[in-house]
1. Quick one: Met63, Met89, fewest Cβ neighbours within 10 Å first, how do they rank?
2. Output the antiparallel fraction of DSSP beta bridges having both residues in segment 77-200, as a percent to the nearest 5.
3. Provide the percentage of antiparallel DSSP beta bridges, counting only those with both residues in the chain; round to the nearest 5.
4. Take the alpha carbon atoms of segment 60-77, find their center, do the same for segment 99-174, and report the distance between the two centers in whole angstrom.
5. For the chain, just say rounded, prolate or oblate: build the C-alpha gyration tensor, square-root its eigenvalues into a ≥ b ≥ c, call rounded for a/c under 1.5, and beyond that prolate if a/b exceeds b/c, oblate if not.
6. What are the residues whose amide H is under 5 Å from the amide H of Leu111, where those residues sit 5 or more places off or on another chain and H is modelled from the backbone?
7. Apply the Karplus parameterisation 6.51 cos²θ - 1.76 cosθ + 1.60, with θ equal to phi minus 60°, to every residue of segment 66-76 and state each ³J(HN,Hα) to the nearest whole Hz, in sequence, with x for glycine and proline.
8. How big is the charge dipole of segment 4-130 about its Cα centre, in debye rounded to the nearest 20, if each Lys and Arg gets +1 on its Cβ and each Asp and Glu gets -1 on its Cβ?
Amino acid sequence: MEDCNSTLPMQKILIVEDEPDVADLVSFNLERAGFQIAVAHDGLIGLQKALVEKPDLILLDLMLPGLDGFALFKELRRHSRTNKTPVIMLTARAQTEDRIQGLEAGADDYLTKPFSPKELILRVKSVLRRSETIPGTAQFEFGPFRFDKNNMKFYLAEQSVELTTTEFKLLLFLSERAGRPQSRHDLLRHVWGYSDDAHSRTLDTHMKRVRQKLAGFACMVETVRGLGYCLRTSD
Ligand code: CA
């Protein structure tokens, strides 16, 4: 089956995973889905490859020799070459706390092992789609917010504020619909591409980070009990 993306350059995914079986399975499935793959079996090599090869997305296992997943993630966010690169963390089912910690640190998404190839491809495509630039009017302004959609830059009262791609999309989605409460379901569907509501914790964790970054303007994002979130249009 030909698809219309076949003439575009292949997107590159870096897999940082020390378990050979998992790394092989993930590589195999992503290659078959049309991605170019790089693999690192330890954290330090993972960091090197991320900086040199500048992948479009990184799949990052948390328990790694050399440099663990969290430490590696922090390094990625420190470097200008990788600070916008979407990251999906790979966690074991028992590591719920790790997953929350990962999302709080700013990971774009996570996959819990064992995951199906179908779920893997779905999450990868969804995160990549989220990190594409948004077509349409390049600038959107709302109150003290200014969104530069082409460059994914966000300004708060004309001060640049560093948002992850997911945070940017979430806040933009709410801002473009200011005054109208948005349900958790719609937010998860539009921003993450989730079709079910099993990921509510992901939404809340990201919202918490967005509010932290909005500092004195955090109260503009209202929690609508039993529904979702809403951006206030005025005081
Ligand atoms: Ca591991």
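We did not get these values from a lab; they are worked out from the coordinates using the rules stated. Small disclaimer: the values here were computed from a predicted structure and weren't measured. Positions of Cβ are backbone-derived with ideal geometry, glycine not excepted, and every protein chain shown enters the neighbour counts.
1. Fewest-to-most Cβ neighbours within 10 Å comes out as Met63, Met89.
2. Here the share of antiparallel DSSP bridges comes out near 70 percent.
3. Working: 17 of 35 bridges.
Of those bridges, close to 50 percent are antiparallel.
4. 21 Å
5. Prolate, since a/c reaches 1.5 and a/b exceeds b/c.
6. Met89, Leu90, Thr91
7. Karplus-based 3J(HN,Hα) across segment 66-76 equals x, 9, 6, x, 5, 5, 4, 4, 4, 5, 4 Hz.
8. Working: 17 positive and 18 negative charges, 135 e Å.
It comes to approximately 660 debye.
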